[in-house]
1. Evaluate the charge dipole of segment 237-301 about its Cα centre and quote only its size in Debye, nearest 20, assuming +1 on the Cβ of each Lys and Arg and -1 on the Cβ of each Asp and Glu.
2. Please list the equivalent ellipsoid semi-axes of segment 62-170, computed as the square roots of five times the alpha-carbon gyration tensor eigenvalues, in descending order and whole angstrom.
3. For a quick check: with amide H placed at 1.01 Å from N, whose amide H comes under 5 Å from residue 83's, ignoring anything fewer than 5 positions away on the same chain?
4. Ordered by residue, what ³J(HN,Hα) values in Hz, to whole numbers, does segment 206-211 give under the Karplus form 6.51 cos²θ - 1.76 cosθ + 1.60, where θ = phi - 60° and Gly and Pro are x?
5. Ordered by residue, what ³J(HN,Hα) values in Hz, to whole numbers, does segment 145-156 give under the Karplus form 6.51 cos²θ - 1.76 cosθ + 1.60, where θ = phi - 60° and Gly and Pro are x?
6. What are the residues whose amide H is under 5 Å from the amide H of residue 169, where those residues sit 5 or more places off or on another chain and H is modelled from the backbone?
7. Separation of segment 263-320 and segment 203-226 by C-alpha centroid, Å?
8. Quick one: Debye curve from the alpha-carbon atoms of segment 223-263 only, equal weights, vacuum; give me log10 I(q)/I(0) at q = 0.20, 0.26 Å⁻¹ to two decimals.
Amino acid sequence: MKAKLLATALAALVTASPALAETFKMSHVRPQGATIDVELRAFADAVEKATDGDVKIQIFPASALGDYTTVQERISVGAIDMATQPAGTAADRRMQIASFPYLAGSWDEAQAIYGPGGAVRETMVDLFQEQNITVLAAYPVYFGGISLNVDNPKAGSTEPNGIKVRVPGIKSFQLTGEALGYIPSPIPFAEAFTAVQTGVVDGVIGSGAEGYYASFRDVTKTYIPANTHFEVWFMMLSNDSLSNLSDESLAALKKEAEAFEATRWEVAEADQGRNEKRLADELGTTLVTLTDDQIAAMAAKVRAEVWPVVLEDVGAEWGQAILERAQSATN
């Protein structure tokens, strides 16, 4: 009888005991103290408060958990919980759709394409889900530009200029570099700074003012705001980690992620301008002014030469349908 009462009491205690708090590891690619680092730490505090401490998020800056492509793979198998970073294309080439060059021409167009309900946003959510990853939010970063450690007298032209630049190992960036007159060299991000510093390459294509200030400030002599692509990162959560959350904690996490993204869309454009100014004022970087006609010519050439090739790489019919949806949303 006593044993039965003890078992009943223990069962009641277990039922009444609160679930253990979940601590998620969140990776990102920028140094500690960068804008994304500050914003993610504020997000982590908001989530902990909203879940009454049931969900804690530990931030790991500067790719401390691995290169972003490796981190995405590890999130897919549940070895890392979370990240806010670019989409890696190694596992699925179709993810190049997120960095299609010259798809958006303004911040309003970017939000219509990459924001909630946008054609690229919805596509990326589905592609991540195929990798066992849930997208909690998009993080708009900037329109891309070109960082050089040399002068470029032909900055507004697409004619060959003999300047060698590092590009990510993604076909769309390599082809865009060529179309704009540069000699592209695919180099891993971790080796890019040293490559510019030692003269292996003369600059970088694939980032924007914020990225160049954060990671290439000492080798950015010239910055060309060519609007090469719209940089958007994704806050991703492993479905394995997600399954450990109660319905209430998951709902709170998603609500805070939505608020995090909404705030970012409000400040991202001004943040881009602020980082361009920091390059000029703090580092003495030459900011090249391009005319609307020059940017339009760059866009036209890239769309004509690069889009067809990348579409074949991702699946022409599949990719074209997404591009048409994206363009119709901005007309």
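What follows draws every value from the coordinates through simple rules; no lab data is involved. Here the structure is a predicted model, which is why all the values come from computation and not from measurement. Every residue, glycine among them, receives a Cβ derived from its backbone with ideal geometry; neighbour counts consider all protein chains shown.
1. Values: 7 positive and 14 negative charges, 42 e Å.
So the magnitude is around 200 debye.
2. 29, 19, 12
3. Placed amide hydrogens put 27, 236 under 5 Å from residue 83.
4. 3J(HN,Hα) across segment 206-211, in whole Hz: x, 10, x, 4, 4, x.
5. x, 10, 9, 10, 9, 9, 7, 9, x, 9, 4, x
6. Correct list: 187.
7. 12
8. Taken in order of the listed q values, log10 I(q)/I(0) reads -0.73, -0.97.
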